[in-house]
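Visitor: My structure is below; once you've seen it, I'll send some questions.
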Amino acid sequence: MSKPMTKTQLVTAVAEAMGADKKTASSALDAIASVVTTEVVGGGAVTLPGIGKVVCRTRPERQVRNPATGESITKPADKVVKISVAKALKDSVNG
């Protein structure tokens, strides 16, 4: 398995794909991250075409077990970010 692409590498690749400079590509990526974060924190969902859907879900209070001691404790309700991968991306990877 190869190493994950770094932000610098992603900015370079996006700049080449857009035919723009790295500063513009970096600003575009930062803007996308900001919009997704704002929307998800506000309880919404964002669909990134061809990539997937990012959504924040609430998990109810539940019983969890401490693996070291075997003690059962109650974990309070919390929120978790979920990403559902788009079918087009799955098909590209598998086919």
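The values are calculated or read from the model by the stated rules, or taken from the named source; none is laboratory data. This structure is a prediction, so every number in the text was calculated from the model and none was measured. Every residue, glycine as well, gets a Cβ built from its backbone with ideal geometry; the counts of neighbours run over all protein chains shown. When the accessible area is computed, the model is the full protein with side chains, heavy atoms only, and any ligands, DNA or RNA have been set aside. Shrake-Rupley method; radii C 1.70, N 1.55, O 1.52, S 1.80 Å.
Yes/no per residue for (1) among the small types (Gly, Ala, Ser); (2) exposed (fewer than 12 other Cβ atoms within 10 Å of the Cβ); (3) at pLDDT 95 or above:
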residue: Gly43; (1), (2), (3): yes, yes, no
residue: Pro49; (1), (2), (3): no, yes, no
residue: Cys56; (1), (2), (3): no, no, no
residue: Arg59; (1), (2), (3): no, yes, no
residue: Pro67; (1), (2), (3): no, yes, no
residue: Gly70; (1), (2), (3): yes, yes, no
residue: Asp78; (1), (2), (3): no, yes, no
residue: Lys90; (1), (2), (3): no, yes, no
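Visitor: Working carefully through the options Val93, Val54, find the one that is in a strand (DSSP E or B) and either of a type in the set (Val, Ile, Thr) or under 20 Å from Met5 (Cα atoms) (or both).
Guide: Val54
Visitor: For the stretch 44-81, name all the residues that are farther than 30 Å from Ser92 by Cα and either within 15 Å of the chain's Cα centre (by Cα) or touching a residue at least 40 places away in the same chain (Cβ under 8 Å) (or both).
Guide: Within the stretch 44-81, the subset farther than 30 Å from Ser92 by Cα is 58-79.
Scanning the stretch 44-81 gives a single hit, Lys79.
Visitor: Find the residue count for the stretch 29-44, including only residues that are in contact with a helix residue (DSSP H, G or I) (Cβ under 9 Å, 6 or more places away or on another chain) and under 17 Å from Asp78 (Cα atoms).
Guide: In the first step, residues of the stretch 29-44 are kept if they are in contact with a helix residue (DSSP H, G or I) (Cβ under 9 Å, 6 or more places away or on another chain); the result is 29, 44.
Narrowing further to those that are under 17 Å from Asp78 (Cα atoms): 44.
Number of matching residues: 1.
Visitor: Oh, and also: Would you please name the residue that is most open to solvent (accessible area, probe 1.4 Å), looking only at residues in the stretch 1-15 that are over 19 Å from Ala31 (Cα atoms) and of a type outside the set (A, V, I, L, M, F, W, C)?
Guide: The residue in question is Lys3.
Visitor: Does Ala25 qualify as being touching a helix residue (DSSP H, G or I) at 6+ places or on another chain (Cβ under 6 Å) and farther than 22 Å from Lys82 by Cβ?
Guide: When the stated conditions are applied, Ala25 passes them.
Visitor: Further question on the same structure: Identify, from the list Ser34, Ser26, the residue that is among the polar types (S, T, N, Q), without any contact (Cβ under 8 Å) to a residue 60 or more places away in the chain and surrounded by fewer than 13 Cβ atoms within 10 Å (Cβ to Cβ).
Guide: Working: Ser26 fails: surrounded by fewer than 13 Cβ atoms within 10 Å (Cβ to Cβ).
Result: Ser34 is the single residue among Ser34, Ser26 that is among the polar types (S, T, N, Q), without any contact (Cβ under 8 Å) to a residue 60 or more places away in the chain and surrounded by fewer than 13 Cβ atoms within 10 Å (Cβ to Cβ).
Visitor: Here's something else I'd like to know. Considering (1) open to solvent by less than 80 Å² (accessible area, probe 1.4 Å); (2) under 27 Å from Ala28 (Cα atoms); (3) in a strand (DSSP E or B), say which one Lys82 fails and leave the rest.
Guide: Of everything listed in (1) open to solvent by less than 80 Å² (accessible area, probe 1.4 Å); (2) under 27 Å from Ala28 (Cα atoms); (3) in a strand (DSSP E or B), Lys82 misses just condition (1).
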